[in-house]
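Everything on this sheet refers to the single structure shown next.
The values are calculated or read from the model by the stated rules, or taken from the named source; none is laboratory data. On a predicted model such as this, the values are computed, not experimentally measured, just so you know. Ideal geometry is used to build each Cβ from the backbone, glycine not excepted, and the neighbour counts take in all protein chains shown. The area values use the complete protein model at the heavy-atom level, side chains included, leaving out ligands, DNA and RNA. Shrake-Rupley method; radii C 1.70, N 1.55, O 1.52, S 1.80 Å.
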Amino acid sequence: MAEEAAVVPLDGEALGEDGYPLAEGRPFWWRADFVHISSRPKTSIDNFSFEQKPTVGRMIDTVLKPRVPQYDENGEEDVFQFFETGMWVEYRGNDMKWKLGVVNRVVRQAPDDWDFDEDGAEVPEYRINFYYNVGKEGLVEKDNIRAPAEALQTVFGMRPWLWQQFTLLQLEKRLRFDADHEDDFDEIDNLRYAKLRWDAWLNDFQNKDFKDLYDKQPKIAQELLQGHILTPFDTIDIVTERLEEWDYDDEDISVYTYLAVLGSGVSMTVITMSIQLITPLLLLYNNMLQSDGEPSGRFFLDSNTSEPANGNFLPATDWDQFCSGEGRPEGKILITLVLIIYASSVVPDSLLSFFRVSGGSNTTYSRINSLRQIIWEQNDDTIMQQIGYKVDRLMNTGYICLLYSIMLFILLNTPLILDIILNALAIEFIHQIDENLADADWWDEGNRWIRAGTAELVIQGVLRLEVLKNPARLCKHFDINADDYKNALGSKSLCNLAVAKRDERNEFYLSEKEWIFRKNADAAKRMNNDYALSEFQKPNVQFGYFAGLLAWLGIRKAGVFNRYRAYRTWSRWEKVLFLPRVPDHIDDYSKRDTLNRQKIKGTATEIGEYVEFAYHVYAVLTGQDMIASVKLSIEHGHVEQVPIRILFGIVEMFFYLAQVCFPFFIGLLFIIIPVCY
């Protein structure tokens, strides 16, 4: 028998220069896990102890600390966004919000098309895919991780963030909903568009003070700043192009979702909602009056007319009358089977739908809801978007539970076996009609409307309209000296429709392409050439018949990619774009002691998505969510929105309560049905 390998004790084990045990004498699989990796992963258990309140100094390490060099295919150094263990970062989860967290592990994986060259050597490491475990989030991709905003703002100031607002407005002006045009949202490379304008802005002569500071920073800091600022442009490309990740055929997307996203599609929403609310109520009322064509025996009715006794609108009953227990045995068995199906299928599905609506799931519908939640919390959505958003949430939470509860009541008063089956099937049609309509080919061919609307949500979620329209808030938010702003614009804001319309005609504020398009559009108008005009002038397209009618009547102005026309005041933007102050250069951490004592404004939260979901449900049920929403509307000066937010807050509390109680209600029916049917 072969001699057993000697067991090497861990204590006092010899280590190599890289800090790892020597491979000699170990089994062949000792290094098999690292065959695709030229450098071993650096992991320490210390990185799993989370500091809840990092200092600015700790976060600046993420921005300024030198990285291990990475190399491109030509062997030249290629610095890109790369984070090491122990660094504080911002990461984005399924809720589409950026949160603070510490990198506790870097995971390196070979790409799907990994291969070896002819000599059997591995391809260069730069092709390795890097993933990050941040907080409790595992395998975070590079698109969902970036340097902390507060650290970058300490190093570079707020000027890049003001440029971001300006460029998003310019992009929204450029984008079209026009499948046969080069500027269609499906055709434009939004990230490249922004990068070209970043370079032009960075090297502008008016930006010399910022450029001097920028050039003093290490290359990794420059890359991290650019990556952070360009995140929304990259996100627009992701939500419109990565259809395997953003699957808009998601069965949860309904006609209500379109209203929530686009703020239009009202007529079909009203029709669908009427069907879903009125139909079950009519079925319920009719069932209370009669069953199998005869007066119902569970209520006090006039035996001749099957109408409620004593002239009441709703029939009355008591426990003895209602719980008669005179139903046929086979009916009792069938209803019990329906209950089992509801308990094993409907209850879990309703809870999962509840979770997806909250924005914690990784489905496309859930992420769209997360984007809507961000805009709702900023109070930057239109009235119709607010109504659509809340109706969508309500119809996918408590409504489902109430609908199935009504159906169980109807089944309890249904004596015929066939009617029990038909009624149970009818409820499924009523439940899913809003999703089925949104899935129809005629509704949104190629999902272009919902994709364009989601791209708009990304822009809408980043723009700070309440800040841009208020000079005092603008100066405070973007660190602009109030006297400098007053000298540039006086008390004027960046939001003015009349100025925006004038600037649209001013050739000085047009790009070369825009200038050419403007000239050709004017010529097309003079020649009454509608085809040429549609090519050179951006159309104001609307989703839905009602919105189209309002646009035709001149009542509705804002169409898809045309929401922020009043903010296109380029003559005013030109005067404030370079006003934010440039901070002093942090040279060799000269301010390290001060920054290490300076706490950040945000807090790193290390709670799981299900715990966060539970907090959300608690906030809604206790009214905290409604109160915060109302306060925000008042702070932003939108007093007219307060009644809507109070109304939906109260209704949402009731519907959430119905959702929470539904599983217990089903359990209770397992006792009541055998006795009362």
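Observations on the structure shown:
- Residue list for the range 627-662, restricted to those being open to solvent by 20 Å² or more (accessible area, probe 1.4 Å) and touching a Lys or Arg at 6+ places or on another chain (Cβ under 7 Å): Val630, Phe648
- Matching residues in the range 231-269 - criterion: being of a type in the set (A, V, I, L, M, F, W, C) and either without any contact (Cβ under 8 Å) to a residue 40 or more places away in the chain or in a helix (DSSP H, G or I) (or both): Phe233, Ile236, Ile238, Val239, Leu243, Val255, Leu259, Ala260, Val261, Leu262, Val266, Met268
- Looking across the range 128-141 at every residue that is among the aromatic types (Phe, Trp, Tyr) and in contact with a Phe, Trp or Tyr (Cβ under 9 Å, 6 or more places away or on another chain), the one that is surrounded by the fewest Cβ atoms within 10 Å (Cβ to Cβ) is identified as Phe130.
- Pair list, Cβ under 6 Å, 6 or more apart: the range 571-593 residue closer than 16 Å to Phe210 by Cα and open to solvent by 20 Å² or more (accessible area, probe 1.4 Å), other residue among the acidic types (Asp, Glu) and at pLDDT 65 or above: Leu579/Asp484; Arg581/Asp479; Val582/Asp209
- Unique residue being open to solvent by 70 Å² or more (accessible area, probe 1.4 Å), acidic (Asp, Glu) and out of contact with any Pro (no Cβ under 9 Å at 6 or more places or on another chain) when the list is Asp522, Asp530, Asp484: Asp530
- Pairs with Cβ under 7 Å, 6+ apart, first in the range 41-66 and modelled with pLDDT of 80 or more, second among the hydroxyl-bearing types (Ser, Thr, Tyr) and part of a helix (DSSP H, G or I): Ile60/Thr154
- The set of residues in the range 161-200 that are acidic (Asp, Glu), assigned to a helix (DSSP H, G or I) and under 22 Å from the mean Cα position of the chain (by Cα) contains only Glu172.
- Any hit, the range 437-456, residues being within 30 Å of Gln153 (Cα to Cα) and of a type outside the set (Ser, Thr, Tyr): yes
- Qualifying residue in the range 411-429 (condition: surrounded by 17 or more Cβ atoms within 10 Å (Cβ to Cβ), under 33 Å from the mean Cα position of the chain (by Cα) and closer than 25 Å to Gly667 by Cβ): yes
- Some residue of the range 327-347 being within 30 Å of Leu412 (Cα to Cα), assigned to a loop (DSSP other than H, G, I, E, B) and open to solvent by less than 50 Å² (accessible area, probe 1.4 Å): yes
- Neighbours by Cβ (under 7 Å, 6+ apart or cross-chain): first from the range 494-512, touching a residue at least 60 places away in the same chain (Cβ under 8 Å) and over 15 Å from Glu574 (Cα atoms); second surrounded by 11 or more Cβ atoms within 10 Å (Cβ to Cβ) and of a type outside the set (D, E, K, R): Leu497/Ala566
- Tabulated pairs, the range 177-203, first under 18 Å from Phe543 (Cβ atoms), second of a type in the set (A, V, I, L, M), C-beta under 6 angstrom, 6+ apart or interchain: Phe177/Ala452; Phe177/Val541; Phe177/Val560; Phe185/Leu175; Phe185/Ala452; Phe185/Ala455
- Which numbered condition Phe82 misses (of (1) at pLDDT 80 or above; (2) touching a strand residue (DSSP E or B) at 6+ places or on another chain (Cβ under 8 Å)): (1)
- Residues considered: Gln386, Gln432, Gln378. Of these, the only one that is under 30 Å from His638 (Cα atoms) and surrounded by fewer than 21 Cβ atoms within 10 Å (Cβ to Cβ) is Gln378.
- Any hit, the range 244-260, residues being open to solvent by less than 40 Å² (accessible area, probe 1.4 Å), at pLDDT 90 or above and more than 17 Å from the chain's Cα centre (by Cα): yes
- Among the residues of the range 484-530, those identified as of a type in the set (Lys, Arg) and under 16 Å from Leu577 (Cα atoms) are Lys486, Lys492.
- Boolean, Asn362 is surrounded by fewer than 22 Cβ atoms within 10 Å (Cβ to Cβ) and at positive phi: no
- Within the range 278-294, the set of residues being at pLDDT below 65 and either buried (at least 18 other Cβ atoms within 10 Å of the Cβ) or touching a His at 6+ places or on another chain (Cβ under 6 Å) (or both) comprises Ser291 only.
- The range 189-220, residues that are surrounded by 18 or more Cβ atoms within 10 Å (Cβ to Cβ), over 20 Å from Phe578 (Cβ atoms) and modelled with pLDDT of 90 or more: Asn190, Tyr193
- Unmet requirement for Ile516, which otherwise passes all of (1) surrounded by 15 or more Cβ atoms within 10 Å (Cβ to Cβ); (2) farther than 30 Å from Ser264 by Cα; (3) more than 30 Å from the chain's Cα centre (by Cα): (1)
- Here is the figure for the range 599-626: residues that are hydroxyl-bearing (Ser, Thr, Tyr), at pLDDT below 85 and open to solvent by 70 Å² or more (accessible area, probe 1.4 Å) total 3.
- Elements of type helices (runs of 4 or more DSSP H) in the range 486-571, at least 2 residues being under 30 Å from Glu445 (Cα atoms): 512-526, 530-536, 545-552
Let's see how each residue does on (1) crowded, with 19+ Cβ neighbours inside 10 Å; (2) at pLDDT 90 or above; (3) of a type in the set (S, T, N, Q):
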{"site": "Asp143", "(1), (2), (3)": "no, no, no"}
{"site": "Gly157", "(1), (2), (3)": "yes, yes, no"}
{"site": "Gln165", "(1), (2), (3)": "yes, yes, yes"}
{"site": "Thr235", "(1), (2), (3)": "yes, yes, yes"}
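- Check on Leu468, crowded, with 16+ Cβ neighbours inside 10 Å, farther than 22 Å from Asp380 by Cβ and among the aliphatic types (A, V, I, L, M): no
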